[in-house]
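Let me begin by presenting the structure, written as structure tokens, before commenting on it.
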Amino acid sequence: MNLLKDMQFYEWLIVSSMAPGAVIGIARFRSLPLFMKYVALFFVCSLGMELAADYRMIVLRQNNLIFYHLMTLLQYTFLAFSFREVIFFPWGKKLILLSVLVVFAVEIVFVSTGIQVFTQSPSWLRLMCRTLLLCWILLYLKTLLQSDKPQPLLSIPSFWVCLGILVHFASFLQVGIMRYLIETDRPLALFWYHISIWFDVIFYIICAYALYLAASRAPTDDHVQWDSF
């Protein structure tokens, strides 16, 4: 069985939306500022995990949800570290670092106690990670407001990452009720799952544009811009 041949439309859609960010991140990794290097790693790991999940499900015919547990952890870690590089407040940087440790600890507790094991969708973990990212977005926006060198928002790569996450956050409710829907109304659960994929696609495309924006600038300009915070 050939993985690429047997992938369905929505599987192709997700992989295709991840690919531009991964390609830009790999091609321009050395020239990216540190905060965008984390976004590049986010894309590379996400694409790798998604392909591994598809291979396990399509070729091996096995439950692939363990890869989505790992993807959720890695995606949060890289995005959180990216925000940690661009916020001004030292206490905020410490909170972000602590939050990464807490997220991993919570996942261990969930899996070891059976609350949400590797054969189940990591819906609770996703809710937690998206809520935390929303907090870091607010903290980052406060940093922008207090900056002594204001710039057009749409010219700032990290602001585009914020927009992408906010779009992703729009499917917050769907993530929260997915487990309930799977148990009570599978056709409706599948419908909302497909809707949520489009939010994921927009999220990845916006973040890929943020990478492109950062990569198109001279490395010295990037560091001057962000080291001033």
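The values are calculated or read from the model by the stated rules, or taken from the named source; none is laboratory data. What you are looking at is a predicted structure, and each value in this text was computed from that prediction instead of being measured. All Cβ positions, glycine included, derive from the backbone under ideal geometry; neighbour counts span all protein chains shown. Note: areas computed on protein heavy atoms with side chains; ligands, DNA, RNA excluded. Shrake-Rupley method; radii C 1.70, N 1.55, O 1.52, S 1.80 Å.
Figures for the structure shown
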quantity: Hits in the stretch 82-98 - residues which are buried (at least 20 other Cβ atoms within 10 Å of the Cβ) and not aliphatic (A, V, I, L, M); calculated: S82, F83, R84
quantity: All positions within the stretch 3-49 that are open to solvent by less than 40 Å² (accessible area, probe 1.4 Å), farther than 20 Å from I195 by Cβ and part of a loop (DSSP other than H, G, I, E, B); calculated: L32, P33
quantity: The stretch 209-219 - residue that is in a helix (DSSP H, G or I) and open to solvent by 10 Å² or more (accessible area, probe 1.4 Å) and, of those, modelled with the lowest pLDDT; calculated: P219
quantity: Of all residues making up the stretch 139-172, the number that are within 20 Å of F199 (Cβ to Cβ) and open to solvent by 50 Å² or more (accessible area, probe 1.4 Å); calculated: 6
quantity: Output for the stretch 90-136, where each listed residue is over 19 Å from C162 (Cβ atoms), among the hydrophobic types (A, V, I, L, M, F, W, C) and in contact with a Ser or Thr (Cβ under 7 Å, 6 or more places away or on another chain); calculated: L125
quantity: Whichever residue in the stretch 52-70 is of a type in the set (A, V, I, L, M) and open to solvent by less than 60 Å² (accessible area, probe 1.4 Å) and, among such residues, is nearest to V111 (Cα to Cα); calculated: I66
quantity: Among (1) modelled with pLDDT of 90 or more; (2) aromatic (F, W, Y); (3) touching a helix residue (DSSP H, G or I) at 6+ places or on another chain (Cβ under 8 Å); (4) part of a helix (DSSP H, G or I) - the single one W91 does not satisfy; calculated: (3)
quantity: Residues being open to solvent by less than 80 Å² (accessible area, probe 1.4 Å), farther than 21 Å from Y204 by Cα and either assigned to a helix (DSSP H, G or I) or modelled with pLDDT of 70 or more (or both) - total across the stretch 185-194; calculated: 2
quantity: Looking only at the stretch 1-57, and only at residues there that are polar (S, T, N, Q) and in contact with an Asp or Glu (Cβ under 9 Å, 6 or more places away or on another chain), the one that is modelled with the highest pLDDT; calculated: S17
quantity: Yes/no for I115 being on the phi < 0 side of the Ramachandran plot and buried (at least 18 other Cβ atoms within 10 Å of the Cβ); calculated: no
